[in-house]
Structures are given as C-alpha cells and as structure tokens.
Amino acid sequence: MKLTLKIIAGLLLALMLLALGGGFWYVSSKWPQRAGELSLTQLSAPVSVRYDERGVPHIKASNEADLYRALGYVHAQDRLFQMEMVRRLAQGELAEVLGPKLVKVDRLFRTLRLREHAAKVAAALDPQSPAVKAQLAYLDGVNQYQASHPAPMEFDLIGIPKRPFTLADTVAVSGYLAYSFAAAFKTEPVLTYVRDELGADYLHIFDLEWHPLGVLNQQPTAAAKPDWQGLAQLAQASREVQDLAGVPLFEGSNAWAVSGQRSSSGKPLLAGDPHIGFSVPSVWYEAHLSAPGFELYGHFQALNSSALLGHNSQFGWSLTMFQNDDLDLISLRINPNNPNQVGHLGEWVDLQTTQEIIKVKDAKPVTLTLQRAPQGPLLNSAFSDSLGDKPLAMWWAFLETENPVLDAFYELNRANTLPKARQAASKIHAPGLNIVWASADGDIGYWAAAKLPIRAAGVRPMFILDGEEEESDKLGFYRFSDNPQEENPPRGYIVSANQQPLASSGLPVAGYYNLHDRAQALEDRLADNTIQWNALNSQSLQLSTQTAYYWRVLKPLLPVLSEVVRDPLERSVFDSLSLWDGQYTPLNIPPTVFTQFLYELTQATMADELGEMQFKNLLGTRALDLALPRLAEDAESVWWDNVKTKKVESRKDIVAVAWRASIAHLKETLGKSPNDWGWGRAHTLTHKHPLASQWPLDWFFNVGPFEMPGGREVPNNQSTAIGPAPWAVAYGPSTRRIIDFAQPGQARGINPVGQSGVLFDRHYQDQADAYAVGGYVQEYLIEADVAANTRSILTLQPAKR
C-alpha cells in the first residue's frame with residue numbers, strides 16, 4: 001500500500017513538474033529575444049541592436065531602410081498586442097475579437113470615418129517619398145516578426161488571428177490620436193443643452209467670453225433642435241472608449257524651453273511631459289536610432305516609424321496638445337418628403353449613403369449604414385435608436401485637410417535648425433499640436449501646428465451649429481504663419497501647458513483649453529530672473545504639485561464655510577483646509593477634503609438642473625474646471641437654487657449641504673478619523689491592461705496600485721475625474737524628459753511602467769516604482785555610455801537567399 005501511495009505521489013509530482021515546465025515554456029516562448037542572431041529578409045547589411053538595463057534598444061544600421069526595418073521588428077517584439085489593439089480601435093474592429101460589448105465603440109469609430117479615410121489616404125501616398133519608405137520598412141519589420149514568432153499571450157486568450165499591418169492602419173491610428181484631442185464631443189452637447197434648455201443666466205459661469213469669435217447664438221428652430229438624449233449618449237461614448245478598449249487617450253501636457261541666457265550651462269534646456277491615459281503597456285516605446293547622417297533618441301507610438309518625441313546632440317522637441325476646436329457638431333433638418341435629404345442654405349441636399357459590416361465575436365454581424373451631409377459624416381449611425389430623425393453632422397479638420405503627418409514627423413526627426421523645425425510643424429494639420437523645440441546652437445521655438453478653419457463672423461463653435469445656416473460652413477483655413485508661435489523670445493523662455501494661446505497675428509483661436517493655473521504656475525517660476533535653470537530644478541518644477549486653483553475656489557467660500565461648520569472635529573478639518581498651501585502630497589489631508597468638497601459642491605449645484613446623463617458629461621469636460629471658481633465667487637448665481645425644492649436656496653445653504661456630504665462620504669469610505677484621510681490613501685494609480693477588467697487576470701496583467709502625489713491640473717498632473725473618493729488616477733505624465741543641450745547625452749527621462757508589453761518579461765514593470773516617486777533615469781545617447789550600459793546584443797542578419 002505504501003508503495004502504491006509513493007507511486008501515485010511520484011506521478012502527481014511528475015505531472016505537476018511537467019505542468020510547471022510546460023507553463024514556463026509557454027510563457028518564455030512569448031518573451032522578446034534580446035541576444036544572439038536573427039535573420040530578416042530585405043536587410044542589406046547586419047544591424048546591431050544593443051539593449052540597456054531598461055530594455056531600450058540602441059539600433060545601429062548602415063542605411064535608413066535597414067534601420068527602420070529593425071525598429072519595426074524590435075518594437076513588435078515588445079508591443080505587438082498594443083499595435084493590434086490600437087489599429088482595431090481606430091479601424092472599428094474591436095468587437096470582432098472582444099465581443100458585443102465593443103460594438104458601440106466600433107460604431108463610433110466607423111461613423112467617424114477613420115477606416116474609410118485611412119484607406120483613401122494610404123492609397124494616395126507616394127511610396128517613393130522618404131517618409132513613406134521609412135514607414136513601409138518599419139511595417140515590414142513588424143510583419144516579419146509577427147509571421148515568424150508565436151502570437152502574444154493575449155492573442156491566444158481571446159483568439160486574435162494574425163494579419164499583416166498596413167499603411168492604412170498607421171493612418172487610422174493617427175486619426176485616433178486626432179479624435180482623442182477632440183473635446184467637442186464631450187463639451188458641445190452639454191453647453192448647448194445649458195444654453196437652450198436652461199438659459200443664458202446658467203451659461204454665465206462657463207466663462208465663454210474669452211472666445212473672440214462672435215456672440216451667443218439664439219434658440220435654434222424647433223425643426224433643428226437637437227435630441228438631447230442622443231447627444232448625451234454621444235458624449236458618454238467618448239468617455240467610455242478608454243474603459244472599454246484599454247487604449248490611452250491624450251489629455252494635456254507640459255513643455256518648456258529655456259534659452260542659454262537663463263540656464264546654468266549657457267545652453268538651451270528642454271523639458272516636457274505629455275499627459276496621456278495610463279495603461280499597460282505605456283504609450284511610448286523608447287529607441288535610439290543611428291545610421292550614417294542620422295541619429296535620434298526617440299519616443300515612438302505603436303505603428304509609427306517616426307518618433308513623436310525625440311532628441312540628439314543637436315536638437316530636441318516635445319509636444320503639448322494645442323486644444324484648438326477643429327471639430328464642429330451641426331444639427332440638421334430632414335426633408336419631411338424625402339428622408340434621404342437635409343436642409344442646407346435654403347435647399348434640400350441629398351445624403352451620401354454607404355453600408356459597412358461590423359464582425360462580432362460570438363454574435364451575428366452588425367450592418368451599419370453610414371451617411372454624409374455637405375458638412376461631413378452624420379453621427380446618427382452610431383446612435384440610431386436615440387437620435388432618430390434629427391440628424392447631427394460632424395465637420396472635422398482631420399477629414400477635411402491634406403494632413404501630411406508622416407512627412408511632418410519624418411522631417412521633425414531631422415529638424416536641426418529653426419527653419420527646418422518650423423517647416424515640419426507647418427505640415428501638421430490635425431490634431432492640433434504645440435511643438436516646443438530647442439537646439440544646441442542656442443535657438444528655442446514654439447509653433448501651434450494645425451490647420452485653423454475660418455468660420456463665418458459671429459459663429460460660436462462651442463455650441464452645436466445650425467446646418468441650415470451659413471454658420472455651419474467653413475470659409476477656408478488660415479495661414480500657418482498666422483498661428484500662435486514664438487522663436488527666441490527676449491524673455492528667454494517658452495512655456496506651453498494647454499492654456500489658451502495668443503497669436504501675434506491677432507488671430508482668435510477657438511478651443512477647449514485647460515485651466516490657466518497650471519501654465520501660470522510654470523510661468524511664475526520660469527519668469528523668475530533669479531533662477532538659473534538646470535536639470536535638478538527642472539525636475540522639481542515637473543514634479544510640482546501646487547497651483548493657485550484651490551485658492552480661487554476656496555477663498556470666496558471660506559467665510560461661508562466658517563459660518564456653517566460648527567462640529568469641533570469638523571472645525572479642525574476646516575481649519576487645516578483654510579491653512580492649506582495647495583500641495584497635493586501623499587500624507588496631506590486637505591487635498592482629500594478639497595477634492596471631495598469640489599465634487600459635492602458640483603453635485604449640489606448642477607445635478608438638479610442637468611439630470612443624470614448631462615451631469616456625468618459635464619464632469620468630464622474642461623468647461624467645469626473653468627466654471628467652478630466663477631460659481632464660488634458669484635453668490636447670486638442661479639445655480640445655487642435647487643430646482644427640485646420649493647425653497648429658493650442660497651449659496652450658504654448649498655455650501656452647507658456640500659460640506660456635510662463631503663464629511664459623511666470621507667468617513668464612510670476612508671475612516672472615521674480625519675487622520676485616515678491622507679491624499680495618498682485616497683489617490684492611487686493602477687496601470688491597467690485591456691484584458692484585466694476581470695479577476696484573476698487583473699492580478700497578473702495590472703501594475704499597482706501606487707499611492708500618488710500630484711492631482712488634477714497641477715504640474716505633476718496625476719489627474720482624476722471630478723467625482724467622489726477614492727480617486728483612481730486616469731492620466732498623467734506619460735514620460736518626463738529633461739535635456740540640457742550642454743550635455744544632451746545626460747538627458748533624463750522615465751517610463752511609467754516599462755519598455756515591454758509582454759507579461760512576466762523583466763521589463764514589463766521595472767520602472768513603475770521609480771515613476772511613482774518621481775524618479776528619473778539616464779537616456780543613453782553617447783557611444784561610450786551606450787557601450788558601458790549594454791546588457792545584451794541582438795544582431796539582425798540579412799536572410800540568406
């Protein structure tokens with residue numbers, strides 16, 4: 001009997017070891033190969049790929065074609081699943097692999113015409129242009145890796161078929177980038193609702209007068225009046241994209257350049273940290289490229305051969321989001337005698353109609369009917385059940401301009417002079433981007449890069465426009481030279497932080513700009529002539545957690561709060577809030593109280609008028625950030641009254657309600673004692689993987705949580721939506737870079753998670769801890785540093801014929 005038990009135990013042990021061995025073999029078969037030799041077809045000579053301690057490839061090739069083919073190959077090793085997801089999102093093909101819950105997202109992106117537009121643009125590209133040749137070589141490298149290696153683990157888990165990547169995929173992904181900047185989807189429906197359903201008195205707090213184009217439009221005609229339920233769902237779908245697809249949205253950014261006269265080294269200094277949704281893997285892939293006549297340390301996006309951020313020993317640049325309004329929503333009227341016509345300038349105009357099929361995993365395909373009006377695609381296809389017979393069209397600069405973005409960034413990667421950088425920036429039509437550039441020769445520059453539409457006089461594009469009137473038509477585009485821009489300003493620095501820009505040409509630029517407070521905090525420090533800038537104090541500025549916004553909201557309300565807060569424990573909380581300096585640090589209690597109070601104040605003042613869906617939409621807009629300080633200051637605002645009660649409430653009444661609700665919620669969620677309300681406990685970051693929405697996958701794929709400093713619209717913009725505690729950080733600095741052009745080889749940066757998107761790979765999350773505490777690492781550019789820090793070498797050999 002004992003022998004039998006021993007045999008059974010031995011067999012079980014053997015089976016367990018076999019299973020573990022098989023599991024290890026399966027997992028390790030997915031890991032990138034970073035040493036040894038591999039062969040690629042179409043290489044003309046061997047390519048050296050040296051990997052440093054963070055898994056960053058330093059690629060050296062004898063020509064550009066080999067360089068970009070190698071980049072595509074090594075990028076795919078680390079990020080193939082990310083490439084697949086972002087192209088499926090942009091092309092409207094997620095439901096095919098993720099099932100019916102993604103049909104809504106696919107409907108949205110098919111309706112935006114990204115798929116159709118990408119196919120047309122890709123077909124028209126010149127295959128002999130340097131930018132397209134580089135892109136084709138890169139895609140060939142991606143496809144060679146995919147064809148010759150096991151599929152990533154995520155492909156196996158959800159059954160994704162392998163399919164070659166194309167130029168159309170790259171163009172479609174650039175459309176997703178443009179979409180993620182388009183705040184009009186979230187903002188125009190709710191602002192138009194406030195105007196038309198509530199009235200002008202309710203618009204006052206939204207600070208719309210700084211838009212210099214025209215005056216308030218009056219009530220639209222009954223026939224053209226929008227369907228508010230449908231428009232609210234449009235805005236809601238825009239919010240859901242990242243949650244459902246797990247692909248980061250672009251949200252904001254900081255960047256500044258300091259001239260040599262203001263730096264410790266006597267050379268320009270460049271700093272930048274684009275604010276993008278957090279995810280696993282992170283959005284940027286770092287790679288150092290070198291070929292005869294070309295060198296660049298770049299930050300690359302999936303399926304793009306040119307770096308969107310980069311530097312070398314001669315020059316570098318960073319990006320912020322321009323936030324210009326390059327998208328108009330237009331309400332149309334259907335001909336009562338012909339449902340395929342809409343009114344335009346006194347005439348009935350035919351709609352162009354096409355059909356597409358959305359494949360759905362484990363369900364029947366969905367037939368999608370797409371229509372186009374004179375102003376652009378109709379959005380009803382995405383929400384046919386709610387928009388009904390009241391069509392809404394979209395005019396979007398991304399679809400209406402030439403937009404040679406491949407050429408633009410290919411040239412920007414080589415822009416070693418101010419005129420070259422300016423010329424490259426002029427080729428970016430949509431989305432709108434601010435290019436902040438600096439060089440070792442001593443120049444600094446900034447260009448707001450976008451094709452800015454000329455709208456008719458009096459048009460206010462922050463509202464939905466009437467398609468039967470001339471206000472919905474565009475009169476052309478302004479010249480690039482009219483855009484906001486600066487070159488070597490006498491003050492010795494340039495700062496860009498998504499604030500409303502000013503153009504020396506006097507051109508008024510409509511847009512959905514962020515609060516000025518973050519830009520002002522940077523401006524105040526950079527304008528201090530007693531400071532000579534270097535890498536260390538630049539890091540301190542990037543990691544700053546303070547602006548004046550909290551005080552603009554609190555100052556007018558502190559006297560009111562002082563009257564209504566009487567409980568001794570609550571009084572101590574109020575006292576700490578009144579003495580708070582605005583720093584969002586992990587152990588600080590006031591930022592927790594202020595952030596909860598901000599939400600409760602918004603809820604108590606606005607939810608009763610707006611209703612549930614429009615209120616949720618407002619919480620996701622920058623318009624709310626601009627409104628709250630004006631609301632706090634205006635004791636007579638109509639928003640203070642709760643329209644659902646017979647009593648006419650005052651500011652004091654509502655502030656008391658918001659305070660009591662804040663204290664009650666914090667006690668319930670964080671603990672009875674205010675000592676438990678530290679900001680870090682309430683404000684955390686988890687880097688989420690697209691497949692980790694369900695247990696136990698989140699244990700394996702997600703990274704975090706981390707207690708985080710920073711907050712909404714401070715320089716260290718670890719941002720959350722306005723809402724109740726606890727707060728999950730949604731977006732923030734996607735990298736932090738600082739380059740002093742006296743020593744460009746000592747440039748510093750950080751990846752929020754790691755280089756690799758391959759689970760269990762050693763570079764999957766090896767930078768996450770350092771990022772959370774504000775760490776930086778060196779980005780090796782000089783040959784001696786690359787050689788000293790090489791951990792492995794992969795040689796790509798031409799395939800033998």
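Structure notes:
- In order through segment 716-728: 3J(HN,Hα) via Karplus (6.51 cos²θ - 1.76 cosθ + 1.60), integer Hz, x for Gly, Pro: 7, 7, 7, 9, 10, 5, 5, x, x, 5, x, 10, 8
- The chain: relative contact order as a whole-number percent, Cα under 8 Å and 6+ apart: 19
- If both residues of a DSSP beta bridge must be in the chain, then about 85% of such bridges are antiparallel.
- Our Cα-only numbers for segment 27-170 put the radius of gyration and Dmax at 16.6, 48 Å.
- Relative packing of 165-176, 771-782, which averages over residues the other C-beta atoms within 10 Å, highest first: 165-176, 771-782
- Pairs from the list Lys104/Lys364; Lys162/Lys361; Lys101/Lys688; Lys120/Lys474 with a Cα-Cα gap above 20 Å: Lys120/Lys474.
- All Cα-Cα distances of the chain, cut into 10 Å bins from zero to the largest, leave 2, 13, 22, 25, 20, 11, 4, 1, 0, 0 percent in each bin in turn.
- Per-residue [θ]222 nm for the chain (sum of -39500 (n - 2.57) over DSSP H runs n ≥ 4, rounded to 500): -11500 deg cm²/dmol
- Once the Cα gyration tensor of segment 258-339 is diagonalised, semi-axes √(5λ) in Å: 41, 20, 13
- For segment 392-518, the square roots of the Cα gyration tensor eigenvalues, ordered a ≥ b ≥ c, give a/c of at least 1.5 with a/b greater than b/c, which places it in the prolate category.
- Debye intensity ratio in log₁₀ form over the Cα atoms of segment 94-134, taken at each q of 0.34 Å⁻¹: -1.03
- Applying a length cut-off of 24 Å (Cα extent along the axis) and a mean Kyte-Doolittle floor of 0.0 to the DSSP H helices of the chain leaves 2-28, 651-670.
- Working note: Karplus 6.51/-1.76/1.60 with θ = phi - 60° gives segment 35-41 the couplings 8, x, 10, 9, 10, 10, 6 Hz, where Gly and Pro are set to x.
- Here's the list of aspartates and glutamates a cross-link from Lys652 could span, going by alpha-carbon distance under 13 Å and ignoring same-chain residues fewer than 8 apart: Glu563, Glu633, Asp634, Glu636, Asp641.
- Listed peptides 265-273, 249-257 by packing density, highest first (mean Cβ within 10 Å): 249-257, 265-273
- Check: the chain dipole with +1 on Lys, Arg Cβ and -1 on Asp, Glu Cβ, in debye: 2100
- Ordering of 112-118, 520-526, 438-444 by packing [mean C-beta count within 10 Å, highest first]: 112-118, 438-444, 520-526
- Debye equation applied to the C-alpha atoms of segment 683-783, log10 I(q)/I(0) at 0.14, 0.15, 0.19 Å⁻¹: -0.62, -0.69, -1.00
Throughout, read-outs are computed from the coordinates displayed, never taken from laboratory work. Computed from a predicted structure; not experimentally measured. Positions of Cβ are backbone-derived with ideal geometry, glycine not excepted, and every protein chain shown enters the neighbour counts.
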